[in-house]
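Shown next, in structure tokens, is the structure this report addresses.
The values are calculated or read from the model by the stated rules, or taken from the named source; none is laboratory data. Worth saying up front: this structure is predicted, and the values here are computed from it rather than measured. Every residue, glycine among them, receives a Cβ derived from its backbone with ideal geometry; neighbour counts consider all protein chains shown. Surface accessibility is based on the protein's heavy atoms, side chains included, excluding ligands, DNA and RNA. Shrake-Rupley method; radii C 1.70, N 1.55, O 1.52, S 1.80 Å.
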Amino acid sequence: MNGCNRGANVLREGVMKAHLYFLSIIIVLFALATVVAGCSCDDDDDDNHGDDDDTADDDTADDDTGDDDTGDDDTGDDDTGDDDTGDDDTDGVMIEKIEGGWPGTNGTSLVFGEDGQAYIAAVKARTLTLYTVSEDKAVDAEEILRFAAYPEMAADDAGKLYIVYADLTEKNLALVTNQSGQWVSAPVDLSSEIVYPDTYGFTVDGAGTVHLCYQHQDNYTLLYATNAGGTWQSETVDSNQYVGMY
């Protein structure tokens, strides 16, 4: 009888141990499921959720309001507050270096031609130079003439260029143009012996006629000049002194 009781006790102990073993397994599995469900690893395909703590942006379109990614890999950045360490936006201002040294110290002037190219007149070491910047940002430099300063440039409907400048040799106002296909220069007013910057301006009409206003540097009056008749003709616009100084 005692042997039967001992056997029953052993059986009950084995069953209880088995129950505890399976219960332990269930508890461990439940705990793992809870950890996985609450994991902070971000595998979402957008950053709209507050649990986004990934260090690399894996969404295809960045639409979070506060972007805390360390590397922004979207093609169009539309954050309202962009604090990416590397911003790959394509919008912005482009700055292109044309030439080093001191070009433009004595004036620059810019026009766009009908061919879509940018033309820049600048003086470098007293040499009037034309820089042509093509649409692909290639730059070509052409020396036009020596001993010039303070260029002002315009273009006609045919794309020909006209540059009014101070002739440092003759100390007067002059015009150089490639209207004929070659650069040709001629004085505008031989009676005005000194020319200062910002005291003249001009335009070219559809017929290629130049219209120029300038301050005479001897009596400080304002004059208008044109080459409409083939030669330069000028007339006084205002005889009060210092008109056109600024």
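Within the option set ASP189, ASP157, being charged (D, E, K, R), touching a residue at least 12 places away in the same chain (Cβ under 8 Å) and open to solvent by less than 30 Å² (accessible area, probe 1.4 Å) holds for one residue only, ASP189.
Tallying residues that are in contact with a Gly (Cβ under 9 Å, 6 or more places away or on another chain), within 16 Å of GLN179 (Cβ to Cβ) and not hydroxyl-bearing (Ser, Thr, Tyr) within segment 116-151 yields 1. Applying a threshold of 6 Å to beta carbon distances and a minimum spacing of six or more residues, or different chains, the list of pairs starting in segment 222-246 at a residue that is closer than 19 Å to LEU175 by Cα and ending at one that is at pLDDT below 80 and assigned to a loop (DSSP other than H, G, I, E, B) reads LEU222/VAL243; LEU222/GLY244.
The C-beta contact set for segment 167-184 (first residue exposed (fewer than 13 other Cβ atoms within 10 Å of the Cβ), second residue of a type outside the set (A, V, I, L, M) and at pLDDT 95 or above, distance under 7 angstrom, 6+ apart or interchain) comprises VAL184/THR177.
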